[in-house]
Amino acid sequence: MDKLYTVDYKSPIGILEIKGTDQAISSILFVEREVMENTLQENTPQVLKDCLAQIDDYFKGELHEFTFPYVVNGTIFQQSVWNALKGISYAETGSYKDIAISIGNEKAIRAVGSANGKNKLTIVIPCHRIIGTNGKLTGYAGGLWRKEWLLQHEQKVKNTRL
C-alpha cells in the first residue's frame, strides 16, 4: 500500500489539508483549525508540492484549471457526478438539477446533492459552483461563507481579465 502524505495550505479562507501518495492527490478539504500542523518536509512527494503550488496560484487568481494527478474513490454514480461537476467552467455556476440532467438521470437531484457532499477534492472538483435552481447558495461542506467567497473570488478574477 502506498504511503499517505499530508500537507497543509493556509488559504485566505482557512486551512486546506491535502493528502496524497507519491502518485496522486486523494483529498483536499478545509479543516477547522487555526494552526498548520502538516508542513512541507524533505520527503514530501512532488505531486503534493505541485498541488500546493497550483492551489496557491488559484487563490492568487492565476490558475483556473488544475493539472496535478488525483484519484477519486466513490461509486460509479458519485464518479459520474464528480465528472459532471468538472464541466462547470471557472466563475460559472450550475444546479443539482443541471448535473442530474447532464448525467442522464433527471430525477436524481437529491442523490446528486449527496454525491456532491462527498467530494473530497474541494475546489479542484468544483462543488462550490453548485447553487440552487432559485439562484440561492445551497450546502457546502466547507461552509456557505467559504462557498460565497470562492464564487466571488472567481467572478472578480474573471471580471478583471475581461
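For the stretch 62-132, take N as its residue count and report Rg(C-alpha) divided by 2.2 N^0.38 Å. Don't jump to the answer; show the numbers that get you there.
Numbers: Rg = 11.5 Å, N = 71, 2.2 N^0.38 = 11.1 Å.
Relative to the 2.2 N^0.38 Å estimate, the stretch 62-132 comes out at 1.03.
Given springs between every Cα pair under 10 Å in a Gaussian network model of the chain, which of 18, 76, 103 has the largest fluctuation?
In the Gaussian network model the winner is 76.
Excluding same-chain residues fewer than 8 positions from residue 107, which lysines have a Cα within less than 16 Å of its Cα?
The qualifying lysines are 97.
Please work out which option in (i) 22, 18, 15; (ii) 26, 19, 14; (iii) 31, 22, 12 gives semi-axes √(5λ) of the Cα gyration tensor in Å calculated from these coordinates, and answer with its label.
Label (ii) holds the value from this structure.
Give the calculated FRET efficiency between residue 134 and residue 67 to the nearest 0.05, with a Förster radius of 30 Å applied to their Cβ-Cβ distance. Before the final figure, lay out the partial values.
Working: r = 34 Å, r/R0 = 1.15.
Efficiency, rounded to the nearest 0.05: 0.30.
Once ligands and nucleic acids are excluded and a 1.4 Å probe is used, how much of residue 90 is accessible, expressed in Å² to the nearest 10?
Its accessible surface works out to 30 Å², give or take rounding.
How far is the Cα center of the stretch 106-154 from the Cα center of the stretch 37-102, in Å?
Computed from Cα coordinates, the inter-centre distance equals 13 Å.
Test of understanding: in a Gaussian network model of the chain with alpha carbons linked when under 10 Å, which of 53, 141, 100 would top the mean-square fluctuation ranking?
Taking springs between Cα atoms under 10 Å, the residue moving most is 53.
Lys and Arg at +1, Asp and Glu at -1: add these up for the other residues within a Cβ distance under 14 Å of residue 138 and post the number. Before the final figure, lay out each step's value.
Details: positive: 97, 110, 129, 136, 146, 147; negative: 98, 148.
It works out to a net charge of +4.
Taking 0.36 nm per residue of separation and subtracting the Cα-Cα distance, what length does fully extending residue 118 through residue 41 add?
Values: separation 77, 0.36 × 77 = 27.72 nm, distance 2.89 nm.
The span from residue 118 to residue 41 would gain 24.8 nm if fully extended.
Around residue 18, what is the net charge, scoring Lys/Arg as +1 and Asp/Glu as -1 over all other residues with Cβ under 11 Å from its Cβ?
Working: positive: 19, 49, 120; negative: 8, 17, 50.
Here the count lands on 0.
Any idea what the relative contact order of the stretch 15-160 is, in percent, if you count C-alpha pairs under 8 Å spaced at least 6 apart? Mind showing how you got there, number by number?
Values: 177 pairs, mean separation 31.0, N = 146.
Worked out over the stretch 15-160, it gives 21 percent.
Picking from 43, 83, 116, which is most flexible by a Gaussian network model of the chain using Cα springs under 10 Å?
Looking only at 43, 83, 116, the biggest GNM fluctuation is shown by 43.
Heavy atoms only, 1.4 Å probe, whole protein assembly: order 33, 161 by accessible area, highest first. Intermediate values should be presented prior to the final figure.
Details: 33 50, 161 135 Å².
Reading off the accessible areas and sorting them downward yields 161, 33.
The values are calculated or read from the model by the stated rules, or taken from the named source; none is laboratory data. The structure displayed is predicted, hence computed values, not measured ones. Ideal geometry is used to build each Cβ from the backbone, glycine not excepted, and the neighbour counts take in all protein chains shown. Calculation scope for accessible area: heavy atoms of the full protein, side chains included, ligands and nucleic acids excluded. Shrake-Rupley method; radii C 1.70, N 1.55, O 1.52, S 1.80 Å.
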